[in-house]
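Undergrad: Attaching a single structure in structure tokens format; questions to follow.
The values are calculated or read from the model by the stated rules, or taken from the named source; none is laboratory data. Quantities reported herein were computed from a predicted structural model and do not represent experimental measurements. Here the Cβ is made from the backbone with ideal geometry for all residues, glycine too, and neighbour counts use every protein chain on show.
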Amino acid sequence: MRSITTFDIQYAHRFYGFKGEAQYLHGHTGVLTIEVEDTINKGVNMVFPCNEIQKTAWAVLKNFDHALILREDDPLLPAVLDVYEKQGIKNGHPQNTMKGAAFKTELAAAYPDCRLVVTKETMTVEGMIKIVYDLLKDKLNIAKITFTSGVNAASQEYQVKGTIDRCPLCGIALNEKGVCPKCGYRK
Ligand SMILES: [Zn+2]
Ligand SMILES: [Zn+2]
């Protein structure tokens, strides 16, 4: 069975080099849905608690929220960084607190101090799905990702390999020693 979680992500981007309105900087509230597949954990009668999926995913995905997402070859990138630098906000600001941990993958790099994500490919809904799967595939048994932004939507299904050992008392993933990091249950 599947546990399904949805997030809103507000971001600005543009399709650099695209022949249409989307080549201009603009913003969206994107809706991301992550479906996690596993057996039903008998102890709690759940696949996975949705608030725990949210916690795991949001730790990384909050880097995209209220962020500017630009392709690595977009000339806006050095221009924006130059403005942030002159304004003294490039390397952070006391009010910039909703930050995730910085990450760098093949497809994207997050710079939370200036709320910027730099992508290898254009950040379409398809591009976002590839980035999200890459970031979370080792943490969650992802069976499907759907991303909707304005009139654009895409989804991708994935083959789930194996099952994750979960706590029968609170449902979250046990650590490598078989201990629940939340309630201390031991397998
Ligand atoms: Zn757009
Ligand atoms: Zn537990």
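Undergrad: When you look at Ile164, is it away from ligand 1 (no atom under 16 Å from the Cβ) and closer than 26 Å to Ala22 by Cβ, yes or no?
TA: For Ile164, the condition - away from ligand 1 (no atom under 16 Å from the Cβ) and closer than 26 Å to Ala22 by Cβ - is not met.
Undergrad: Considering only the stretch 176-185, I want to know if a residue exists there that is more than 16 Å from ligand 1 (Cβ to nearest atom), within 22 Å of Thr6 (Cβ to Cβ), surrounded by 17 or more Cβ atoms within 10 Å (Cβ to Cβ) and of a type outside the set (Asp, Glu).
TA: no
Undergrad: Restricting attention to the stretch 170-187, which residues are assigned to a strand (DSSP E or B) and under 14 Å from Asn41 (Cα atoms)?
TA: Ala173
Undergrad: Can you name the number of the only condition in (1) charged (D, E, K, R); (2) within 15 Å of ligand 1 (Cβ to nearest atom); (3) touching an Asp or Glu at 6+ places or on another chain (Cβ under 8 Å) that Glu126 fails?
TA: Every listed condition holds for Glu126 apart from (3).
Undergrad: Restricting the search to the stretch 150-169, which residues are in contact with a Cys (Cβ under 9 Å, 6 or more places away or on another chain) and either modelled with pLDDT under 95 or assigned to a strand (DSSP E or B) (or both)?
TA: The answer is Arg166, and nothing else.
Undergrad: Just to verify a result, which residue in the stretch 148-183, among those that are charged (D, E, K, R) and either under 30 Å from Gly127 (Cβ atoms) or within 19 Å of the chain's Cα centre (by Cα) (or both), is nearest to ligand 2 (Cβ to nearest atom)?
TA: Going through the qualifying residues, I end up with Lys161.
Undergrad: Which residue pairs have Cβ atoms closer than 6 Å, lie 6 or more positions apart in sequence or on different chains, and pair a first residue in the stretch 165-187 that is among the small types (Gly, Ala, Ser) with a second residue that is more than 16 Å from ligand 1 (Cβ to nearest atom)?
TA: The qualifying pairs are Gly171/Asn41; Gly171/Val44; Gly171/Met46; Gly171/Pro49; Ala173/Ile164; Ala173/Arg166; Gly178/Lys187.
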